[in-house]
1. Quick check on segment 507-520. Is at least one of its residues surrounded by fewer than 17 Cβ atoms within 10 Å (Cβ to Cβ) and modelled with pLDDT under 80?
2. In segment 160-190, which residues are out of contact with any Gly (no Cβ under 8 Å at 6 or more places or on another chain) and in a loop (DSSP other than H, G, I, E, B)?
3. Scan segment 440-461 for residues that are under 33 Å from the mean Cα position of the chain (by Cα) and free of Cβ contacts under 8 Å to residues at least 12 places away in the same chain and jot them down.
4. Just to be sure I understand the filter: pairs with C-beta atoms under 8 Å, separated by 6 or more residues or on different chains, first member in segment 395-421 and more than 16 Å from Y458 (Cα to Cα), second member outside any helix (DSSP H, G or I) and polar (S, T, N, Q). Which pairs pass?
5. Report yes if I74 is crowded, with 17+ Cβ neighbours inside 10 Å and not in a loop (DSSP other than H, G, I, E, B), otherwise no.
6. Residues that are surrounded by 14 or more Cβ atoms within 10 Å (Cβ to Cβ), at pLDDT below 95 and in contact with a strand residue (DSSP E or B) (Cβ under 9 Å, 6 or more places away or on another chain): does segment 223-230 have at least one?
7. Looking at L260 and the list (1) surrounded by fewer than 18 Cβ atoms within 10 Å (Cβ to Cβ); (2) within 24 Å of L304 (Cβ to Cβ); (3) modelled with pLDDT under 95, which single condition is not satisfied?
8. Criterion first (closer than 19 Å to L406 by Cβ, modelled with pLDDT of 90 or more, among the hydrophobic types (A, V, I, L, M, F, W, C) and crowded, with 20+ Cβ neighbours inside 10 Å) does L475 satisfy it?
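The values are calculated or read from the model by the stated rules, or taken from the named source; none is laboratory data. Note that the structure is a prediction, hence the values are computed from the model and not measured. Reconstructed Cβ throughout: ideal geometry from the backbone, glycine too, with neighbour counts over all protein chains shown.
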Amino acid sequence: MSTGKINVQTENIFPIIKKFLYSDHEIFLRELVSNATDATQKLKALTSMGEAKGDLGDLKIEVALDKSAKTITIKDKGIGMTKDEIEKYITQIAFSGAEEFVNKYKDKVDKNVVIGHFGLGFYSAFMVAKKVEIYSLSYKEGAKAVRWECDGSPEYQIEEISNKTERGTNIVLHIADDSEEFLENSKIEGLLKKYCKFLPVEIKFGTKKDWINSGEKDDKGEEKQTEVEVDNIINNPNPAWVKKPADLKDEDYKSFYRELYPMQFEEPLFHIHLNVDYPFNLTGILYFPKLSNKFEAPKDRIQLYSNQVFVTDNVENIVPDFLTMLRGVIDSPDIPLNVSRSYLQADGNVKKISSHITKKVADKLEEIFKKERTDFETKWDDIKIFVQYGMISDEKFYEKAVKFALVKNTDGKSFTFEDYENHVKANQTDKDKKVVYLYATNADEQYTYIDAAKNRGYDVLLMDSPLDAHYINHLETKLKDIQFVRVDSDTVEKLIKKDDNQISKLTEEEQNKLKPIVESVIAKETYTVIFESLSETDSPMLITRPEFMRRMKDMQAMGGGMSFYGSMPDMYNLVVNSNHPLIGRILSETDSSKQSQLAKQAADLALLSQGLLKGEELTKFVKRSVELIN
């Protein structure tokens with residue numbers, strides 16, 4: 001067996017770095033400003049350890065744009081580099097100075113004080129620049145300033161210079177002809193606000209006008225304002241999520257929410273402050289927005305940061321799908337990113353972080369429910385679709401949420417599942433010892449059925465979320481001896497099957513005689529005629545829709561994989577109340593025309609009550625009603 005060493009040719013690797021390593025050209029600015037931040041943070045750390053002497057001074061990072069010279073310059077006043085260090089960190093591709101620094105001072109400095117990891121970020125500059133210059137002066141006593149230049153080929157020049165006297169590093173990008181879009185002020189400021197909005201060192205981009213008190217008063221005794229030019233600082237170096245929860249008030253959290261989402265005018269309902277340092281590092285703030293009763297993709301996503309550097313707002317791999325309905329910030333240097341920091345790599349930490357966030361969200365909701373139940377109930381409609389989605393899709397979340405998830409009845413009263421079972425089981429237990437939860441999906445459209453059920457002493461839940469078909473199905477597999485039945489799925493006597501059945505006033509022979517008369521006035525391919533022995537006070541005819549088929553179609557409409565049922569036509573039952581006086585009158589009518597008219601009128605009344613009578617048939621019904629009245 002022989003061994004060898006892989007030979008990497010710089011002529012071949014440069015095009016890969018320039019064109020393929022970073023998927024999005026605009027992130028060059030993030031990488032270079034992150035490097036400048038690292039240089040500044042290193043200097044702070046060394047000064048605190050006594051290894052760097054002298055006054056730190058103004059540590060602002062400056063991004064300067066010169067459109068006429070076609071250059072972008074990133075200036076820092078950080079640690080700087082000597083000639084040897086440039087040779088080491090810049091010309092050795094994939095050698096990470098940040099990682100070396102952390103390893104060297106691992107017992108003295110927080111590993112998260114610096115951002116860099118791969119040692120490749122600097123080369124993203126060549127995606128937009130035809131030439132890059134570095135001017136640097138190290139913090140070290142007696143160090144000489146250095147200039148480095150490269151045109152994107154493996155060749156570079158390096159020399160000592162005397163005209164840089166300020167500590168730190170300037171990176172000068174000479175923008176290529178095909179990248180001149182980056183010479184616009186609005187473009188650069190937009191990128192800085194996107195990627196660097198919360199970096200821990202102030203970033204200056206030009207100046208802006210501001211008003212300050214002049215120290216003088218006008219004729220009314222009010223303070224005069226004077227216009228001045230100030231630095232345009234584009235970032236907040238100390239965002240709320242890096243502070244201790246004990247140091248923040250409710251208004252601080254709301255203010256940060258407005259900073260994250262300036263176009264959102266509604267206040268968030270709740271917030272959760274994440275602050276974990278073992279077994280992984282995770283900070284952040286998650287907000288519960290008001291959610292409409294629609295199942296739709298979030299417009300304002302959770303933002304993922306790594307050491308305060310923006311990575312992405314596509315966090316589906318970090319948090320479970322249902323948590324993407326929240327808003328806020330997650331920051332973790334322990335989330336494994338690819339080299340370009342644009343997407344995740346597979347890693348066990350991701351699952352651990354995801355599980356922890358799920359637990360924290362569930363714990364927070366349970367805490368609010370226990371401490372402020374009344375307030376929780378008033379906000380339930382705004383968060384229920386989120387909780388339902390979580391309970392359906394995440395087993396661990398379900399285990400916690402089943403204790404605080406609410407159901408509301410048609411009278412607007414809220415219950416936990418445990419409370420509701422105790423509320424209805426005495427009257428709504430069927431002959432098989434199952435507790436039947438009656439529900440409606442629309443209180444107005446199903447009013448007749450709700451009213452009939454309540455007159456029987458039953459309670460009816462209002463389940464009007466777009467997820468309820470899936471949610472109900474899921475609950476029936478989890479809650480012991482519980483069955484959900486929609487209030488219009490059968491006659492009131494059969495919604496909760498008990499042993500007491502009413503005796504029919506019509507014989508089987510009379511029912512067989514009447515059935516073809518009723519079938520002649522409806523669409524037989526859609527409606528099945530059945531006879532039931534109901535109360536004389538119930539409607540003469542009514543429409544029911546079998547629970548199983550309707551629920552399967554509802555689930556298919558929400559993408560539940562029930563395509564077979566979704567393709568089937570809607571099916572209904574036309575229930576004839578064999579005990580109603582009108583049904584007996586129809587049967588005894590000798591005039592076949594009059595008999596058909598009465599049957600049609602009764603059937604149309606049933607259709608009308610369910611909103612199924614429309615168009616021409618509705619017009620005919622109105623005319624017929626007027627004729628019958630006359």
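1. No, segment 507-520 contains no residue that is surrounded by fewer than 17 Cβ atoms within 10 Å (Cβ to Cβ) and modelled with pLDDT under 80.
2. Within segment 160-190, I161, S162, N163, K164, T165, E166, A176, E184 qualify.
3. Of all residues in segment 440-461, those under 33 Å from the mean Cα position of the chain (by Cα) come to 440-446, 460-461.
Answer for segment 440-461, where residues must be under 33 Å from the mean Cα position of the chain (by Cα) and free of Cβ contacts under 8 Å to residues at least 12 places away in the same chain: just D444.
4. K403/T416; F404/T416; A405/T416; L406/S414; L406/T416
5. On the way: crowded, with 17+ Cβ neighbours inside 10 Å: yes; not in a loop (DSSP other than H, G, I, E, B): yes.
Judged against the criteria, I74 is a match.
6. If we filter segment 223-230 for residues that are surrounded by 14 or more Cβ atoms within 10 Å (Cβ to Cβ), which is where we start, we get none.
Looking through segment 223-230, none of the residues is surrounded by 14 or more Cβ atoms within 10 Å (Cβ to Cβ), at pLDDT below 95 and in contact with a strand residue (DSSP E or B) (Cβ under 9 Å, 6 or more places away or on another chain).
7. (1)
8. For L475, the condition - closer than 19 Å to L406 by Cβ, modelled with pLDDT of 90 or more, among the hydrophobic types (A, V, I, L, M, F, W, C) and crowded, with 20+ Cβ neighbours inside 10 Å - is met.
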